[in-house]
Amino acid sequence: MTDKDYDFYGYHTSNSWKVDIMLKELSIESFNYTEVDIAAGEQFKPDFLKMNPNNKIPVLVDNTISPPLVLFESATILEYLADKYKKLLPGLDRPRERYEVLKWLTFTVASQGPNMGQLLFWKIHNQEKVPAAIEKSQKEIERIYSVLDGVLKDRSYIAGSELSICDISCYGWGMYLKFGIVVDGWEVKYPNFKRWVDLVETRASFQHAVKLADEAIRNWQASKK
């Protein structure tokens, strides 16, 4: 048990930034943050594996209940906190609105996230360039952002008129478009998605996340020189 309500374990990754946004949106200040250096293999240490046997970040521990509740997978953490604080996810008394949020939350973690990871691997991280793999990943990620652009045509936010956890989850990866490493000319190709990015970035929590991402990308670029 720590002296804070929560223990948050993360790193410089999209899924960790989602939790960072969520904590700020809920004005949660009572938490300890521990950086888990996944590049150095710290996620394989026994103490961490006790919390998440799948050796992935983020992990959130809720110390306000006894025994403390350990959560992993970003979507689970977002849903848990939304239900606990009754914000950013409609309750069961609004099933239509609730499951509109949850289906798009699932879309971000089942389609957007994995395909973004694949594209960045083939396009940036893999030393051997494989044109066929890059082309395939590029086409799929462009299709995914076309889907998001389409749903945002008549909506302010992804699930409707209210900010929700699916927006937070989507932005964790969606912000990468701003850095010019995903889709060229994305502002023109996806005007509704661009409008949504501008909208969510009026919020301090999203502004903070994109600053973290920008710093992480700059540090990574510097390490490759």
Task: Residues of the range 25-43 satisfying the condition of being at pLDDT 95 or above, under 24 Å from residue 219 (Cα atoms) and either of a type in the set (Val, Ile, Thr) or outside any strand (DSSP E or B) (or both) - done: 34, 36, 37, 38, 40, 41, 42, 43
- [ ] Go through (1) of a type outside the set (Val, Ile, Thr); (2) crowded, with 20+ Cβ neighbours inside 10 Å; (3) in contact with a Gly (Cβ under 8 Å, 6 or more places away or on another chain) and name the single condition residue 137 misses.
- [x] (3)
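Kindly indicate which of 97, 73 is farther than 26 Å from residue 180 by Cα, surrounded by fewer than 18 Cβ atoms within 10 Å (Cβ to Cβ) and in contact with a Pro (Cβ under 8 Å, 6 or more places away or on another chain).
Working: 73 fails: in contact with a Pro (Cβ under 8 Å, 6 or more places away or on another chain).
After ruling out the rest, the residue left standing is 97.
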Task: the range 105-129: number of residues that are β-branched (Val, Ile, Thr) and modelled with pLDDT under 95 - done: 1
Task: Count of residues meeting criterion [more than 16 Å from residue 109 (Cα to Cα), touching a helix residue (DSSP H, G or I) at 6+ places or on another chain (Cβ under 7 Å) and not in a strand (DSSP E or B)] in the range 139-162 - done: 4
TODO: May I ask you to say which residue of 187, 201 is surrounded by fewer than 20 Cβ atoms within 10 Å (Cβ to Cβ) and either more than 16 Å from the chain's Cα centre (by Cα) or at pLDDT below 95 (or both)?
DONE: 187
TODO: Would you be able to say whether some residue in the range 49-66 is among the polar types (S, T, N, Q), outside the structural domain of residue 163 (by TED's automatic domain parsing), in contact (Cβ under 8 Å) with a residue 24 or more places away in the chain and touching a Pro at 6+ places or on another chain (Cβ under 9 Å)?
DONE: no
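Could you check the range 176-195 and list, in sequence order, the residues that are in a helix (DSSP H, G or I), out of contact with any Asp or Glu (no Cβ under 8 Å at 6 or more places or on another chain) and in contact (Cβ under 8 Å) with a residue 40 or more places away in the chain?
Taking the range 176-195 first, the residues in a helix (DSSP H, G or I) are 176-179, 186-189, 191-195.
This time we only want the ones that are out of contact with any Asp or Glu (no Cβ under 8 Å at 6 or more places or on another chain), so: 176-178, 186-188, 195.
Answer for the range 176-195, where residues must be in a helix (DSSP H, G or I), out of contact with any Asp or Glu (no Cβ under 8 Å at 6 or more places or on another chain) and in contact (Cβ under 8 Å) with a residue 40 or more places away in the chain: 176, 186, 195.
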Open item on the list: Here are the criteria: (1) surrounded by 17 or more Cβ atoms within 10 Å (Cβ to Cβ); (2) farther than 17 Å from residue 169 by Cα; (3) free of Cβ contacts under 8 Å to residues at least 12 places away in the same chain. Tell me which single one residue 119 does not satisfy.
Closed with: (3)
Open item on the list: Quick test for you: out of 146, 156, 169, 161, pick the one residue that is modelled with pLDDT of 95 or more and either at positive phi or crowded, with 18+ Cβ neighbours inside 10 Å (or both).
Closed with: 169
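Applying the selection to the range 44-87, what residues are basic (Lys, Arg), part of a loop (DSSP other than H, G, I, E, B) and under 21 Å from the mean Cα position of the chain (by Cα)?
Step one: list which residues in the range 44-87 are basic (Lys, Arg), which gives 45, 50, 56, 84, 86-87.
Next cut, part of a loop (DSSP other than H, G, I, E, B) only: 45, 56, 86-87.
Of everything in the range 44-87, those that are basic (Lys, Arg), part of a loop (DSSP other than H, G, I, E, B) and under 21 Å from the mean Cα position of the chain (by Cα) turn out to be 56, 86, 87.
The values are calculated or read from the model by the stated rules, or taken from the named source; none is laboratory data. Quantities reported herein were computed from a predicted structural model and do not represent experimental measurements. Every residue, glycine among them, receives a Cβ derived from its backbone with ideal geometry; neighbour counts consider all protein chains shown.
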